[in-house]
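Asker: Structure incoming, see below.
The values are calculated or read from the model by the stated rules, or taken from the named source; none is laboratory data. This structure is a prediction, so every number in the text was calculated from the model and none was measured. Because the Cβ atoms are built from the backbone with ideal geometry, glycine has one as well, and the counts that use them run over all protein chains shown.
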Amino acid sequence: MISPTPNMIAEKAGPVGRIVFNKPAKHNATSTDMWEAIPVILDDFENDPALRVIVVTGAGDKAFVSGADISEFEKARSTPEQVAYYDKIGEVANARLTKCSKPTIARIRGFCIGGGLAVSLTCDIRIASDNSKFGVPAARLGLGYRAAGIKTLMELVGPAYAKEIFFTARHFSAAEAQGMGLVTRVVPDAELDSFVDDYCKRIAENAPLTIHAAKRTVEELTRLDGKPDFERTTRLVKECFASEDYIEGRRAFMEKRKPQFSGR
């Protein structure tokens with residue numbers, strides 16, 4: 001599948017799909033075409049049964065995503081209509097990443113700032129190199145953040161850390177980010193790729209329906225309106241027990257072999 005813009009790369013390798021923010025000269029700062037490409041890429045990835053896990057990352061070794069491309073603002077965000085459109089496509093792209101039916105991993109190296117941090121928070125797992133930097137500079141720019149975005153952050157780090165991140169607008173080290181719960185794992189920079197590859201392998205070998213049910217259950221339990229759809233979560237559990245994979249998992253356990261799950 002070819003991305004609709006060279007500023008976003010879509011790759012497939014076995015059970016792994018990769019979405020790469022590809023503007024390394026600008027620390028992978030986001031622009032309109034990049035946001036527009038994300039739903040297109042995800043449509044393809046989610047409809048490919050061979051893919052079991054999706055990695056979201058940035059090109060080069062300087063940044064995951066460093067925020068919005070400010071140089072685009074004059075031509076793309078200078079009128080109320082343009083601002084509304086930009087905000088909408090960014091919202092749609094992040095929502096698609098959040099709602100993605102397959103497990104997602106943010107592979108973070110370097111700067112993960114502002115909108116880049118928001119992108120990482122849409123992923124299920126965040127794995128960062130030890131030289132990464134995190135922050136939300138909104139208070140230095142006069143920007144406002146919607147409640148949904150702050151809630152996502154607050155659910156990970158708690159109210160006090162969320163306030164510190166916003167109030168100070170400073171950069172936090174990878175160790176500080178892990179201490180707050182902002183990232184899942186921090187590894188030496190040289191080990192980042194092998195660690196992410198290992199996680200992808202582990203996830204790809206496990207039962208897709210079980211993973212999907214767990215992901216959707218967490219989604220329901222953390223809904224902004226506080227009203228989980230328990231009928232949905234119960235249905236997902238029943239689908240697991242009624243699946244061919246459940247039979248395969250039991251047989252593999254009894255036969256002392258690795259299971260071969262099909263997602264059915």
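Asker: Just one of Val196, Val183 is β-branched (Val, Ile, Thr) and part of a helix (DSSP H, G or I); which is it?
Answerer: Val196
Asker: Filter region 17-41 for residues that are among the aliphatic types (A, V, I, L, M) and out of contact with any strand residue (DSSP E or B) (no Cβ under 8 Å at 6 or more places or on another chain); which is surrounded by the most Cβ atoms within 10 Å (Cβ to Cβ)?
Answerer: Across region 17-41, the extreme among qualifying residues is Val40.
Asker: For the list (1) farther than 21 Å from Asn22 by Cβ; (2) surrounded by 16 or more Cβ atoms within 10 Å (Cβ to Cβ), I need the number of the one condition that Gly116 fails.
Answerer: Status for Gly116: all satisfied but (1).
Asker: Name every residue in region 222-258 that is in a loop (DSSP other than H, G, I, E, B) and either at pLDDT 85 or above or of a type in the set (D, E, K, R) (or both), in order of residue number.
Answerer: Arg223, Asp225, Lys227, Asp229, Ser243, Glu255, Lys256, Arg257, Lys258
Asker: Please work out if Glu176 is over 17 Å from the mean Cα position of the chain (by Cα) and either at pLDDT 95 or above or outside any helix (DSSP H, G or I) (or both).
Answerer: Answer is yes for this residue.
Asker: Sort out which residues of region 56-95 are under 19 Å from the mean Cα position of the chain (by Cα), at pLDDT below 90 and assigned to a helix (DSSP H, G or I), and write them in order of number.
Answerer: Asp87, Lys88, Ile89, Gly90, Glu91
Asker: Additional query: Checking Phe167 against (1) surrounded by 15 or more Cβ atoms within 10 Å (Cβ to Cβ); (2) in contact (Cβ under 8 Å) with a residue 12 or more places away in the chain; (3) outside any loop (DSSP other than H, G, I, E, B): exactly one of these is not met. Which one?
Answerer: Of the numbered conditions (1) surrounded by 15 or more Cβ atoms within 10 Å (Cβ to Cβ); (2) in contact (Cβ under 8 Å) with a residue 12 or more places away in the chain; (3) outside any loop (DSSP other than H, G, I, E, B), the odd one out for Phe167 is (1).
Asker: Can I ask one more? May I ask you to list pairs of residues, at least six apart or on different chains, whose Cβ atoms are under 7 Å apart, with the first in region 1-20 being farther than 13 Å from Leu42 by Cβ and in contact (Cβ under 8 Å) with a residue 60 or more places away in the chain and the second being surrounded by fewer than 14 Cβ atoms within 10 Å (Cβ to Cβ) and of a type outside the set (D, E, K, R)?
Answerer: Cβ pairs passing all conditions: Pro15/Ala50.
Asker: Which condition number in (1) closer than 20 Å to Thr104 by Cα; (2) surrounded by 15 or more Cβ atoms within 10 Å (Cβ to Cβ); (3) not assigned by TED's automatic domain parsing to the domain that holds Ile54 is the one that Thr222 fails?
Answerer: (2)
Asker: Has region 240-252 got at least one residue that is free of Cβ contacts under 8 Å to residues at least 12 places away in the same chain, β-branched (Val, Ile, Thr) and more than 19 Å from Ser101 (Cα to Cα)?
Answerer: Scanning region 240-252 turns up at least one residue that is free of Cβ contacts under 8 Å to residues at least 12 places away in the same chain, β-branched (Val, Ile, Thr) and more than 19 Å from Ser101 (Cα to Cα).
Asker: Then there is this: So Gly144 passes all but one of these: (1) at pLDDT below 95; (2) part of a helix (DSSP H, G or I). Which condition number does it fail?
Answerer: All conditions pass for Gly144, except number (2).
Asker: Sticking with this one: For region 101-114, which positions are at pLDDT 95 or above and within 21 Å of Leu209 (Cβ to Cβ)?
Answerer: Correct list: Lys102, Pro103, Thr104, Ile105.
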